[in-house]
Amino acid sequence: TPSLLPISLWEQLIDHARKLGMAPAHEWTVECNPATLSLEKARFLREQGVNRISLGVQSLDDRILDRLGRIHSRQAVFDSFDLLRQAGFDNINLDLMFGIPGQSLEIWNQTLTDALALESEHLACYELIFEEDTPLYLQLAAGSVRPDEDLDAAMYERLLERACEHGFIQYEIAN
């Protein structure tokens, strides 16, 4: 996660990118974890020409965040979003996930309600993929969790409805 890097390493990285003619870019996105973002880091990135942040929210339910092994809390998402706005970012993406074991349609709908209330410029929503060598994959292999395709489809449909209501337009099918 790029937001883990201290500013001193960011300075080196950006210096090399500039020497290679890669920075600044028309759109320069940095992915951030809400738990590893500070106002100082957000301001630094904005001053260097980063003009889009992708915030790895995944869920706005603390139980689901725990299930995913995320190191941030629900509150950290709202705090980080506010920091990004304070730092001058006007192009923020929220990454969200659905189809997570233990995630009900009600929990997903509340995550959407809360995420949409932030009024970000973009949403990237992904159905959970059980990646090898992860705790969830091991639970799937052991049979202790099972995907629910009907629930996943209902979550996707709810996403389409809610996003459309808020003026979002789907432009890719990978997420």
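The values are calculated or read from the model by the stated rules, or taken from the named source; none is laboratory data. Keep in mind the model is a prediction, meaning the values are calculated, not measured. FYI the Cβ positions are ideal-geometry reconstructions off the backbone, even for glycines, and counts take in every protein chain you see. Side chains are part of the model used for accessible areas, which takes the heavy atoms of the whole protein and leaves out ligands, DNA and RNA. Shrake-Rupley method; radii C 1.70, N 1.55, O 1.52, S 1.80 Å.
So here's what we get for this one:
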{"read-out": "Unique match (being in contact with a Lys or Arg (Cβ under 9 Å, 6 or more places away or on another chain) and crowded, with 19+ Cβ neighbours inside 10 Å) among I100, I107", "value": "I100"}
{"read-out": "Members of region 38-53 found to be of a type in the set (K, R) and under 8 Å from F89 (Cβ atoms), listed by number", "value": "R46, R52"}
{"read-out": "Pick from region 52-63, criterion assigned to a strand (DSSP E or B) and in contact with a helix residue (DSSP H, G or I) (Cβ under 8 Å, 6 or more places away or on another chain), ranking: nearest to R85 (Cα to Cα)", "value": "I53"}
{"read-out": "Among the candidates A25, A35, residue that is more than 18 Å from the chain's Cα centre (by Cα), closer than 28 Å to F168 by Cα and not charged (D, E, K, R)", "value": "A25"}
{"read-out": "Residue identified as basic (K, R) and more than 20 Å from E121 (Cβ to Cβ) among R70, R52", "value": "R70"}
{"read-out": "Pair list, Cβ under 6 Å, 6 or more apart: region 115-144 residue closer than 12 Å to P101 by Cβ, other residue in a loop (DSSP other than H, G, I, E, B) and of a type in the set (V, I, T)", "value": "L128/I100; Q139/V145"}
{"read-out": "Answer residue from region 116-141, given it is farther than 30 Å from G88 by Cα and touching a helix residue (DSSP H, G or I) at 6+ places or on another chain (Cβ under 7 Å) and is least open to solvent (accessible area, probe 1.4 Å) among those", "value": "F130"}
{"read-out": "Scan of region 1-30 for residues that are surrounded by 14 or more Cβ atoms within 10 Å (Cβ to Cβ), touching a strand residue (DSSP E or B) at 6+ places or on another chain (Cβ under 8 Å) and either part of a helix (DSSP H, G or I) or not hydroxyl-bearing (S, T, Y) (or both), ordered by number", "value": "P2, S3, W28, V30"}
{"read-out": "Whichever residue in region 142-171 is basic (K, R) and modelled with pLDDT of 95 or more and, among such residues, is least open to solvent (accessible area, probe 1.4 Å)", "value": "R162"}
{"read-out": "Residues of region 91-112 classified as assigned to a loop (DSSP other than H, G, I, E, B) and touching a Cys at 6+ places or on another chain (Cβ under 8 Å), total", "value": "0"}
{"read-out": "Within region 37-48, tally of residues that are over 18 Å from A17 (Cβ atoms) and either of a type in the set (K, R) or surrounded by fewer than 18 Cβ atoms within 10 Å (Cβ to Cβ) (or both)", "value": "4"}
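Yes/no per residue for (1) of a type in the set (S, T, N, Q); (2) within 21 Å of L112 (Cβ to Cβ); (3) without any contact (Cβ under 8 Å) to a residue 60 or more places away in the chain:
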site: F44; (1), (2), (3): no, no, yes
site: Q48; (1), (2), (3): yes, no, yes
site: N51; (1), (2), (3): yes, no, yes
site: S59; (1), (2), (3): yes, yes, yes
site: A76; (1), (2), (3): no, yes, yes
site: D79; (1), (2), (3): no, yes, yes
site: L83; (1), (2), (3): no, no, yes
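Table: residues versus (1) over 16 Å from R162 (Cβ atoms); (2) open to solvent by 60 Å² or more (accessible area, probe 1.4 Å); (3) in a strand (DSSP E or B).
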{"site": "V50", "(1), (2), (3)": "yes, no, no"}
{"site": "L65", "(1), (2), (3)": "yes, no, no"}
{"site": "R70", "(1), (2), (3)": "yes, yes, no"}
{"site": "R85", "(1), (2), (3)": "yes, yes, no"}
{"site": "F89", "(1), (2), (3)": "yes, no, no"}
{"site": "D114", "(1), (2), (3)": "no, no, no"}
